[in-house]
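J.: Provided herewith is a single structure, encoded as structure tokens, for subsequent inquiry.
Since every read-out is calculated from the coordinates, none of them should be taken as a lab result. Bear in mind that the values here come from a model prediction, so they are computed numbers and not experimental data. For neighbour counting, all protein chains shown are included, and Cβ atoms are generated from backbone atoms with ideal geometry for every residue, glycine included.
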Amino acid sequence: MSVSSSYERFFDIPIGPQHPALKEPLFLKLIVEGEHVVAADVDVSYTHRGIERAMQERNYVQNIYLAERICGICNVAHTLCYCQNVEGLYDVEIPSRALYIRVLVEELARIHSHLLWLGVAAHEIGFDTLFMYVWRDREIVMDLIEEVTGNRVTSAINTIGGVRRDVKPETCDKCLKAMDYIEERTKYYKRVCKTDPTIAARCVGVGILKPDEAVRLCAVGPTLRASNVKYDVRADDPYAVHDEVPFNVIVYDTNDSFGRILVRIDEIFESINMVRYCIKHMPSGPVRARLRLNPPVGEHLSRVEAPRGELVHYVKSNGSEKPERYKVRTPTFENLSALCEMLTSKGNYVVNIADVPVVFASIDPCLSCTSRVAILDSERGKIWIGSLEELKRLKR
Amino acid sequence: MGIITWSRIRSPWLLHFNTGGCNGCDIEVLATLTPRYDLERFGCLLKGSPRHADVMVVTGPVTRQVRDRLIRVYEQMPEPKFVVAVGACACSGGVFQGCYNVYPGLDAVLPVDAYIPGCPPKPEAIINGVAALLAKLEGRL
């Protein structure tokens, strides 16, 4: 008599939407064979708030604050992208001091985001001491952001036509001093990450994403750069003053979670240097160009390198004070298909259930951005991703 | 004050539930638990399971998709249980008020014991909210 008839080979493990390993509502379905994950599926619909629709009902100034709240962590990238987009409709010159302040705040936010991520990754690995250390030092960057912009998290610095606040000279001195400290601490964290056996055991060879796969699945940001693909919007399609501020695009060829840690740590060093350059080379002058409330008819697309990768905003204006259509494509959504690839065991490459939190954290997931990209119909459980043509048709 | 009430007030365990927020409040809740602000000095501990928790800390606007799960998680918590709404979105819907997929505040779905406004509230405000909740518990338990 065979026993195999009562033996089920594959099991589904549902994770989320509320789970200790997840900080955000997400439903992760893992199909496992024993300890090995053979397939993964992600449902990100829990954070769907209908922002794109709401943007069509509010005017361009109100939308800055809505765009800021697409994601609280990369809010600077979102407002920067939004403001560049709307400014593109006007055909106007933005004062160069404003552009320098934008890059300054953007890079401060990147340092804060990468340190935050390093702490969360350490927490997922089970290394809570590192988590607490990193978050303690991150508070210094938060203080700087508060000093420069007036707010700790949602900075509200970028506005259409420039920035809302000028940077005081004494703030610049504080920034430079703090950058020295952060650089020294980041060097220490890099040494810890490179030498600590726990981190090596949990991350080396875990979450493999080959370069050709990364390109095929449209991975972006540090996830892509850890797969040895040199692509960064700041270098390839410079916006603001990124064509003046020197920096290196960091790539690693390890293709795994460990490489993603190192890419982000090295990017902190690059951001520190960019902050220093911005402060030293900031021209004087006005920080804002005043613009009419309703932009001319037209459409515009703008790209920004958010801490998590390439961020794309699209706007269509019909000449009124509200946008006719607004579209956001966020980095985490692009990385989710790469994530499913990383979570699939194939041949010699095996993903254990215990590796899932580390692999998941390694793409730096920020799901609050994510769910507007697909058109979701939660009532009918139907998901489809619309092309621009389809979206135009739906609009009518 | 009996020993049970005393111990409950001295060790409120938290469950953090993000109902679809922008992560701004979430990172501030986490920052509150890390060394500079150190909420754990009040005996608070962040727990993963609703069955271990006394206080549910809710951040973000309540989306239609997450509503049923939120209620289910709330029902899994043992009595006595308390709910804290952190941030403008959880208090009233905040900037997302009027969006088709968002409820106008957490109190449309669950009974709320303490509101901490702000977008996002500063860690000091969160500590103040937790302290206010603990003072309230002292009277109610």
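J.: Of the residues B:P117, B:P50, B:P80, which exhibits the maximal mean-square fluctuation in a Gaussian network model of chain B defined by a 10 Å Cα contact cut-off?
T.: Its mean-square fluctuation being the largest, the pick is B:P80.
J.: For chain B, calculate the relative contact order in percent as a whole number, restricting contacts to Cα pairs under 8 Å that are 6 or more residues apart.
T.: On the way: 260 pairs, mean separation 36.5, N = 141.
With pairs under 8 Å counted, the relative contact order is 26 percent.
J.: Now, a different point. Calculated FRET efficiency, A:A39 and A:V249, Cβ-Cβ r, R0 56 Å, to nearest 0.05? Walk me through the numbers before you get to the answer.
T.: Numbers: r = 33 Å, r/R0 = 0.59.
Between A:A39 and A:V249 the formula returns 0.95.
J.: Kindly write out, for the range A:82-95 in residue order, the coupling ³J(HN,Hα) from the Karplus curve 6.51 cos²θ - 1.76 cosθ + 1.60 (θ = phi - 60°), rounded to whole Hz, with x marking Gly and Pro.
T.: 5, 5, 4, 4, 5, 4, x, 6, 7, 6, 9, 8, 8, x
J.: So if a site counts as exposed when it's one of the GluC sites (Glu not before Pro), its DSSP state isn't H, G, I, E or B, and it has at most 10 other Cβ atoms within 10 Å, what's the longest stretch of chain A without one? Don't jump to the answer; show the numbers that get you there.
T.: On the way: sites that count: A:E8, A:E93, A:E379.
By the stated rule (loop sites, at most 10 other Cβ atoms within 10 Å), A:94-378.
J.: Still on this structure, I have one more. What value in Å³ per residue do you get for the convex hull of the alpha-carbon atoms in chain A?
T.: Working: hull volume 58.7 nm³, N = 396.
Hull volume normalised by residue count: 148 Å³.
J.: I would also like to ask the following. Of the beta bridges DSSP finds with both residues in the range B:1-102, what % are antiparallel, to the nearest 5? If you can, show how the numbers build up before the last one.
T.: Working: 1 of 14 bridges.
If we restrict to bridges inside the range B:1-102, about 5 percent are antiparallel.
J.: Can you bin every Cα-Cα distance in chain B into 5 Å intervals starting at zero and give me the percent of pairs per bin, rounded to whole numbers?
T.: 2, 11, 21, 24, 21, 13, 6, 2, 0, 0
J.: Could you state the angle between the C-alpha long axis of helix A:96-125 and the longest principal axis of the C-alpha atoms of chain A, as a value from 0 to 90 degrees rounded to the nearest 10?
T.: Once rounded, one gets 20 degrees.
J.: Among A:T171, A:T223, A:T186, B:T63, what is the fewest-to-most ranking by other Cβ atoms within 10 Å? Present the calculation step by step, with values, prior to reporting the outcome.
T.: Details: A:T171 16, A:T223 29, A:T186 22, B:T63 25.
Ranked by crowding around the Cβ, least crowded first: A:T171, A:T186, B:T63, A:T223.
J.: Explain nothing, just the number: dipole magnitude of chain A about its Cα centre with +1 on each Lys and Arg Cβ and -1 on each Asp and Glu Cβ, in debye rounded to the nearest 20. Before the final figure, lay out each step's value.
T.: Values: 51 positive and 54 negative charges, 188 e Å.
The dipole magnitude comes to about 900 debye.
J.: Next question. Put +1 on the Cβ of every Lys and Arg and -1 on every Asp and Glu Cβ in chain A; which of A:L224, A:I101, A:V304 then has its Cα farthest towards the positive end of the dipole?
T.: A:I101
J.: On to the next question. Out of A:A121, A:V192, A:T332, whose Cα points farthest toward the positive end of the dipole of chain A (charges: +1 Lys, Arg; -1 Asp, Glu; placed on Cβ)?
T.: My answer, from the dipole projection, is A:T332.
J.: Using a Gaussian network for chain B with springs between C-alpha atoms less than 10 Å apart, which of these wobbles most: B:C25, B:C99, B:C89?
T.: Comparing B:C25, B:C99, B:C89 in the GNM, the peak value goes to B:C99.
J.: Taking only Cα atoms and a 10 Å spring cutoff, compute GNM fluctuations for chain B and point out the largest among B:V95, B:V57, B:V29.
T.: Result for chain B, Cα springs under 10 Å: B:V95 fluctuates most.
J.: Give the distance, in whole Å, between the Cα centre of the range A:296-352 and the Cα centre of the range B:34-77.
T.: Taking the Cα centre of the range B:34-77 as reference, the centre of the range A:296-352 is 30 Å away.
J.: Could you compute the longest span of chain A free of chymotrypsin sites (Phe, Trp or Tyr not before Pro) located in DSSP loops and having at most 11 other Cβ atoms within 10 Å, not counting the site residues?
T.: Answer from the scan: A:11-396.
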